[in-house]
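First comes the structure, then the notes that go with it.
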Amino acid sequence: MAHSRGEHRRNRKVIMATALITGATVGIGESFTRLLASKGFDLVIVARDEERLQQRAQSLRDQYQIGVEVLRADLSIQADLSKVRERLLSTVAPIEVLINNAGFGIKDSFLTSSLDDEIRLIRVLAEVPMQLMHTVLPAMVARNSGTIINVSSVASFIAGGSYSAAKSWLTVMSESLHTELSNTEVKVTALCPGFTHTEFHQRGRMKMDRLPEFMWLDSDQVVADAWKVSQAGGVISVPGGQYKVLTFLARYLPRPIVRKMGISVRKKQR
């Protein structure tokens, strides 16, 4: 099992477990690199920024004495995505944990946004995790061991544009695979955080100054909660009491109200 094989290097006698993390240089992805490194996993870190990747890799090696592979890739480009898939297929240091975290948002309305941006968003948020899971799962099932955490969003429970729709796909696919793999030791979990202190909103040029502080989450705590849920066999991790309440309401309130909630959230980000 992933949590037992990922002990600190001095305690690992059978296998040197390796985790692959996309979007690994900032935010939730960066928090996952430190959490998994602290548990003794060697890492493959994936992102677009070569300089940041190298800096992150050296910091992790120095602090945790683990092996770190750097894989620069723009996952919206098929050739780059294929490089990541090739690493997932490797039988040398096979991937025991896959964290599908890469993503971005679009602040513009679907009616005025760039079609190229919309296509890229769906590709990175939905198609890329699908391809990576489809690539790595056969080996995980064959050895009856592995963990996949898909970083989705509380937005997957509302109707808030293309981002919400793509994250809904990711949450539902995670639930489906979790059920399909229920008789194995392979774990699939959807992490559905709310607003989290990362670079996500700045990169998307979203206005977040009107959001009260109590709605913000800490990425390290988000990641710690998600890992705990996944290793306990849970299918969905919603960190933070405020977001547990919101997702409960989104699931059980009349759908017209939920749709209005989604539109309201979108407007506040523009």
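The values are calculated or read from the model by the stated rules, or taken from the named source; none is laboratory data. What you see is a predicted model; the values in this text were computed from it and never measured. Note that each Cβ is placed from the backbone with ideal geometry, even for glycine, and that neighbours are counted across all protein chains shown.
Checking each residue in segment 74-83 for being in contact (Cβ under 8 Å) with a residue 12 or more places away in the chain and surrounded by fewer than 22 Cβ atoms within 10 Å (Cβ to Cβ) picks out 74, 76, 83.
Summed over segment 174-191, residues that are touching a residue at least 40 places away in the same chain (Cβ under 8 Å), closer than 26 Å to residue 254 by Cβ and part of a helix (DSSP H, G or I) total 2. Contact annotation: residue pairs with Cβ atoms under 7 Å, 6 or more positions apart or on different chains, pairing a residue in segment 237-250 that is more than 12 Å from residue 158 (Cβ to Cβ) with a partner that is among the β-branched types (Val, Ile, Thr) and in a loop (DSSP other than H, G, I, E, B), are 244/238. The single condition among (1) modelled with pLDDT of 85 or more; (2) on the phi > 0 side of the Ramachandran plot that residue 240 does not meet is (1).
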